[in-house]
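Reviewing the structure listed below.
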Amino acid sequence: MCALRLTMRRLKKEALEPVENVKPTRKRQRTCEKDEEPTGADLPTPYHTFCEPANVAYLRTHLLSWYDLEKRELPWRTLALREPDVNIRTYAVWVSEIMLQQTQVATVMDYYIKWMKRWPTVSDLAAATLEEVNQMWAGLGYYSRGKRLHEGAKKVVSELGGQMPDTVDELLRQLPGVGRYTAAAIGSIALGQVTGAVDGNVIRVLCRMRAIGADCTSSAVTEALWALANTLVDRKRPGDFNQAMMELGARVCTPKRPLCEQCPVRSQCHSYRKVQAKLEQNSKRLLGKMDTKPAKLPDIEDCSADGLCPLCPREPWDEELGAQNFPRKPAKKPPRLERTLTCVLTRRGERGEEEFLLMQRPNKGLLAGLWEFPSLLLEEEERSEKKHKTALCTHLGKHLRAPLIDCSLQYVGEVLHIFSHIHQIYMVYALHLGDAEAPPPTGDLRWISRPALQEAAVSTGVKKIVKLYESASLQKERNSPDATRQKDDDKKRPRGTKKGKLKTSSRSNKQLSLSSFFRTTKQEPC
C-alpha cells in the first residue's frame, strides 16, 4: 500500500501543475513556476482523488466545453469578462459573491443590478451611509452581509488608497466577511489566480465524483475537497473552471433528483458508476441470469483502507438514494421558536395620511441596524392576552415617555417569519395615538408613511406585519356599524330582477307573448 501511495504521488507530481497564487493578469493564462505538491491534506487512498493525468485533462476539457455552451448569462459574469479596470472588476465580483452567500441566483440578480447602478465603484460604496446600504439590502436577508460590504469598502478607501486587494491572501486578510471560498472565488474570477474554490455546489459535485461519504463539514473532508479542487482547476481558465463546477452543481448535480445523464463528466463519477452497476445487477437478478449470491460490482473499485478511511461513509449504500448517498451531512439542529410582542403604533400625519412609528435595532446581532415596530421578546411561554398587553404597555411607556392603558391595545393576529435558525412568531397588537401621545422623531424613532415604509430599511417580517395590519383594518371597516347599515339599505333597495321586470310589465297595458307567458310560468316555484 505504501508503495502504491508513493507511486501515485510521483505520477501526480510529474503530470499535474501545482497550485499557487499568481499575480493578476487580464488574460488569466499565467501558470505556476515551482514544481511542488498541491497544498492540502493527504488523501488516504487513490480512490478518493484523481491520480491519472488523463482523467484530470478529460474533466477539465469536457466541463469547460459544457460551460461555454450552457452557462447562464449573469450580470456579474458579464462584468467580470468585459470590465478592463481590475479594481472595478474585483469590486464587482466581491459584491456578487457576498450577495450569493446562502441566497439563490434568481433573487440576487435584481439586487445586484440596482446595487452596481447606484454604487459602481468601491469609492462610491464607501461614501454611502449604512442606512442607505440597509435600505438597498432590505428583503435580501442575512443583513450583516451588507454591513460588512460597507465596512470593507470604507477600509479599502481609508487604508488601502481605494485599491482592492490583488491576491487571495490579501482578500482574505483585508476584507471583513471574506472567508476561504469567497477569497478564492474573487481571486480566480476577477484576478485570474490559479486556485480552486469550494462552495456548497462544489462540495456536492466532488463528493459524488470521488465517493466521499463522511460528514462533509468535518476538517478531514474539508481539506480533502480543497486539495481536490486545487488539483483539478484549469491553469489557463481558473475562474471559468470554478464557475463551471458551481454551475454543474446548481443545474445538473443537484441536491435532489440529479440529472446524471446530462452530466458532461459522468464517466469520472464514482457515484454514477455505482448506480449503473447496481441497476445492472438488479436487471440480471430479475431476468434470472444471476446466482443467488451477488457478484462484485463491475467496473467499480472500492476504497482499500479497510474501514479506517476518514472520507468513506459510515452508513451502508442506500439504493433508493442512488447518487444522493453523497454527500452526507450531519443532522441539522432544529431552529428555536421565539415569540415577540409587536405593536403597530399609528398616528395621523400632517397631510392626513396614516403614519407608522418605527424603531431602529441595535448595530449588532440579528437584523442589525434595521427598522422595526416597537417589539418585546417574550422570555416565557405566556399565553395570557392580558399579560401580553401589560408587558407591551410597560415596554412602550419607556419609549413614549407616557403611561399607556393596556385596554387601549387591540390584538391583530400572528405572523410567522422563518430565519435560518429561528422560527419567529410576531404577536401583533395595534394602537392609534393622538397628537398629544405621539412621540417626536428622534435618533432611534421615526414616523413614516405607508409608501415610504415599502422603500425603508425594514425586514420582510415587518412587511408581513403591515400586510396583516391592513387586512385587519379593512375587515374592521367592513364590520363597522356604518358599513352594516349600508349593507341593510342595499338589501332593502329593489333590484332589477327578471321577476321585477315582469311585474312592471304586467302592470302596463302591454300583452305578454305566448312563449314569454309559458317561460315565466315555468320559472316560478311549484
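Just so it is clear, none of the values below were taken in a lab; they were calculated from the coordinates. In this text, all values refer to a predicted model and were calculated from it rather than measured experimentally. Cβ: placed from backbone, ideal geometry, glycine included. Neighbour counts: every protein chain shown.
Here are a few things to note about the model shown:
- Cα convex hull of region 52-194 - mean projected area over all directions, nm²: 9.2
- ³J(HN,Hα) computed for each position of region 194-210 - Karplus, 6.51 cos²θ - 1.76 cosθ + 1.60, integer Hz, glycine/proline x: 7, 8, x, 9, 10, 10, x, 5, 5, 4, 5, 4, 5, 4, 6, 4, 10
- Here the Karplus curve 6.51 cos²θ - 1.76 cosθ + 1.60, taken at θ = phi - 60°, turns the phi angles of region 146-163 into couplings of x, 5, 5, 4, 5, 4, x, 5, 5, 5, 4, 6, 7, 10, 10, x, x, 9 Hz, with x standing for Gly and Pro.
- With 5 Å bins from 0: P(r) over region 132-227, alpha-carbon pairs, percent: 2, 12, 17, 17, 17, 15, 10, 6, 2, 0
- Formal net charge of residues neighbouring V415 (Cβ-Cβ distance under 9 Å; K, R +1; D, E -1): +1
- Based on Cα atoms of region 336-478, Rg over Rh with Rh as the Kirkwood radius reads 0.93.
- Out-of-range pairs (alpha-carbon distance over 25 Å; input K256/K463; K155/K364; K332/K387; K147/K464; K155/K332): K256/K463; K332/K387; K155/K332
- Note, ³J(HN,Hα) from phi for region 314-330, Karplus 6.51, -1.76, 1.60, rounded to Hz, x at Gly and Pro: 8, 8, x, 5, 9, 4, 5, 7, x, 4, 6, 4, 10, x, 9, 10, x
- Built from the Cα atoms of region 183-294, the convex hull projects on average onto 8.6 nm², one quarter of its surface area.
- Summing charges over neighbours of K463, with a neighbour being any other residue whose Cβ is under 14 Å away from its Cβ, gives 0 when K and R count +1 and D and E count -1.
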